[in-house]
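A.B. asks: Would you mind keeping the following structure in view while I ask a few things?
Nothing in this text is a laboratory measurement; each read-out follows from the coordinates by a stated rule. Just so it is clear, the model here is predicted, and its values are computed rather than measured. With ideal geometry, Cβ positions are generated from the backbone for all residues, glycine too; neighbour counts draw on all protein chains shown.
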Amino acid sequence: MHALATASCAPCRGAEAKLSEAELTSALADLPAWTRVGDVISRQFRFKNFLEALAFTNRLGALAEAEGHHPDLTLGWGYVGVSYTTHDAGGLSRNDLIMAAKTDAL
């Protein structure tokens, strides 16, 4: 399990929470299934059917509530698209990386 998966999200304090390019490059090397486009990281998860995709979505929703950091989701038959960014930071924060690792662990 990735070390970030055992960390907890912390409240962000504006732009100071935004990660540098070096920090992002290093951290994303450990999250190879995630794709970065600008200030967003995303991944699509595949499932056998809609009910499995919905169950995953519900587990992720509970996790997001517990951590206080929420993804943008796309749900369809056999897939869930998950995207993270930190609006308050104006980009990607450590919380996004933590949640990506925790999402992988689901």
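A.B. asks: Have a look at LEU60, VAL37, TRP77 and report the one farthest towards the positive end of the charge dipole of the chain, computed about the Cα centre with Cβ charges (Lys/Arg +1, Asp/Glu -1).
C.D. replies: TRP77
A.B. asks: Would you mind working out the magnitude of the charge dipole of the chain relative to its Cα centre, with +1 at each Lys and Arg C-beta and -1 at each Asp and Glu C-beta, to the nearest 20 Debye?
C.D. replies: 280
A.B. asks: Once you place label points 7 Å from the Cα toward the Cβ at THR35 and GLU21, how far apart are they in nm?
C.D. replies: Using points 7 Å along Cα→Cβ, the separation is 2.2 nm.
A.B. asks: While we're here: Tell me, what is the percent relative contact order of the chain, built from C-alpha pairs under 8 Å that lie six or more residues apart?
C.D. replies: It rounds to 41 percent for the chain.
A.B. asks: Per residue of the chain, what 222 nm ellipticity follows from adding -39500 (n - 2.57) for every DSSP H run with n ≥ 4, rounded to the nearest 500?
C.D. replies: -11500 deg cm²/dmol, from helical runs alone.
A.B. asks: Just the Cα atoms of segment 1-53, one point each, no solvent: what log10 I(q)/I(0) does Debye give at q = 0.18, 0.22, 0.28 Å⁻¹?
C.D. replies: Log-scaled intensity ratios, in q order: -0.82, -1.06, -1.26.
A.B. asks: Measure off 7 Å from each Cα along the Cα-to-Cβ vector at ASN58 and ALA5, then give the distance between these two points in nanometres to one decimal.
C.D. replies: 2.3
A.B. asks: Ok, one more. Compute for segment 36-92: radius of gyration divided by Kirkwood radius, i.e. Rg/Rh, restricted to C-alpha atoms, rounded to two decimals.
C.D. replies: On the Cα set of segment 36-92, Rg over Rh gives 1.02.
A.B. asks: Still on this structure, I have one more. For the chain, what is the per residue volume of the convex hull drawn over the alpha-carbon atoms, in cubic angstrom?
C.D. replies: Dividing the Cα hull volume of the chain by its residue count gives 89 Å³.
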